[in-house]
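Heads up: the structure comes next, in structure tokens.
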Amino acid sequence: MPTSLKQMGEFDFIKHLRKNAAVTNDVVLGIGDDAAVIKSSGNDLELLATDMLVANIHFNKKDLPQAIGRKALACNISDIAAMGGWPKAAVVSIGVPAGTAVKFLKAIFDGMNKCAKEYKVALVGGDTVRAKELVINVALTGRVAKRNLISRSGAEVGDQIFVTGPLGGSLKSGRHLSFKPRVIEAQFLCRNYKPHAMIDISDGLVADLQHILDESRVGAVLYEEKIPLNHKATLQGALYDGEDFELICTLSKTKAEQLLKDADKKKYDFACIGEIVAEGKGLHMATRKGNRQKLNVKGYRHF
Ligand code: ADP
Ligand code: MG
């Protein structure tokens, strides 16, 4: 029996929580996706996501406070987008070390409110307590039309894998603070191309794609030459850096061809980066040299 989270690993711990979590008839999807899905009246479902940022882990105290506040909300908006939904209302809890300047805290909320206005989110509550490190937790509700809901578990063999933009180097470049959650892109994809599975990249392309593969019981091949890189990013960065907050989705071959042909796609940065294969084949990359290289998950580990 592992005695610490470091020994057990974050994901095995979450597996344990998932197996033992209390549920009701209202839960459509509980633990295990980007956001929880709860029954609602009419044609919509309710979404609920939460994320926590801790000083010196998710941001530095020398980062602009407005950017920290923006990120705390934006990573939740990204999770709502990854379900095919749009965000609605947030509650924000902060743990604050004694002596923290009020000006700094106010600026965090300025950044958050600016992002909230951009994405039509209401900031409706929260909690303020004392803590050893600055901690910010945001919980965000959202809505999704039943027909647009996309989970991590629907990928099918033969699906093409798309990403909504270039990857890698997010931390070094500061994009981990200034990224744009892909709500509009997700809506465009859901309405026109019915993705089978979708996730946002918080832990790295390989690690997050692996969540789709695990939940859908499939494997995948990525095409090295098709993976779009950010300015100054390396292939390793694109595969393993966290916090790109682009979306990965899988589309049937027909829909994928349509998307690649559509003139509309020119407004966006979508790239087809791979294909879903049978589970037994695992996760590989077809390299430029024509080899197959096994890809191992080594995304960001909290413990
Ligand atoms: P994401 O990167 O999309 O935010 P995570 O990898 O953080 O997702 O979490 C995976 C899943 O586990 C999510 O459904 C999340 O809600 C759930 N989860 C993580 N920590 C906890 C916890 N302490 N209690 C309940 N569920 C949790
Ligand atoms: Mg996510």
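Figures for the structure shown
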quantity: Residue satisfying all of: in the range 57-89; away from ligand 2 (no atom under 16 Å from the Cβ) and either of a type in the set (A, V, I, L, M, F, W, C) or in contact with a strand residue (DSSP E or B) (Cβ under 7 Å, 6 or more places away or on another chain) (or both); nearest to Arg130 (Cα to Cα) among these; calculated: Lys61
quantity: Lone qualifier among Ile199, Ile212 - being within 13 Å of ligand 1 (Cβ to nearest atom), of a type in the set (Val, Ile, Thr), closer than 17 Å to Glu156 by Cβ and in a helix (DSSP H, G or I); calculated: Ile212
quantity: Residue match in the range 136-157 (condition: in contact with a helix residue (DSSP H, G or I) (Cβ under 8 Å, 6 or more places away or on another chain), among the polar types (S, T, N, Q) and assigned to a loop (DSSP other than H, G, I, E, B)); calculated: yes
quantity: Test for Phe188: is it touching a Cys at 6+ places or on another chain (Cβ under 8 Å) and either within 15 Å of ligand 2 (Cβ to nearest atom) or in a helix (DSSP H, G or I) (or both); calculated: no
quantity: First in the range 202-226 and of a type in the set (Lys, Arg) and modelled with pLDDT of 95 or more, second anywhere and away from ligand 2 (no atom under 13 Å from the Cβ) and outside any helix (DSSP H, G or I), Cβ under 8 Å, 6 or more apart; calculated: Lys226/Ala271; Lys226/Cys272; Lys226/Ile273; Lys226/Gly274
quantity: Residue list for the range 66-108, filter: in contact with a helix residue (DSSP H, G or I) (Cβ under 6 Å, 6 or more places away or on another chain), over 27 Å from Gly204 (Cβ atoms) and crowded, with 17+ Cβ neighbours inside 10 Å; calculated: Ala107
quantity: Residue match in the range 49-69 (condition: among the small types (Gly, Ala, Ser), in a helix (DSSP H, G or I), in contact (Cβ under 8 Å) with a residue 12 or more places away in the chain and away from ligand 1 (no atom under 12 Å from the Cβ)); calculated: yes
quantity: Test: residue in the range 143-156 that is of a type in the set (Asp, Glu), crowded, with 18+ Cβ neighbours inside 10 Å and either closer than 30 Å to Val221 by Cα or within 16 Å of ligand 1 (Cβ to nearest atom) (or both); calculated: no
quantity: Residue in the range 240-251 that is buried (at least 18 other Cβ atoms within 10 Å of the Cβ), part of a helix (DSSP H, G or I) and free of Cβ contacts under 8 Å to residues at least 60 places away in the same chain present; calculated: yes
quantity: Hey, Asp269 of a type in the set (D, E, K, R), within 16 Å of ligand 2 (Cβ to nearest atom) and under 20 Å from the mean Cα position of the chain (by Cα) or not; calculated: no
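Rundown of residues vs (1) assigned to a loop (DSSP other than H, G, I, E, B); (2) within 12 Å of ligand 1 (Cβ to nearest atom); (3) touching a Ser or Thr at 6+ places or on another chain (Cβ under 9 Å), yes/no style:
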site: Asp12; (1), (2), (3): no, yes, no
site: Ile31; (1), (2), (3): yes, yes, no
site: Val37; (1), (2), (3): no, yes, yes
site: Ile80; (1), (2), (3): no, yes, yes
site: Ala89; (1), (2), (3): no, no, yes
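The values are calculated or read from the model by the stated rules, or taken from the named source; none is laboratory data. Nothing here was measured: the structure is a model prediction, and the numbers come from that model. Here Cβ is always computed from backbone atoms with ideal geometry, including for glycine, and neighbour counts include all displayed protein chains.
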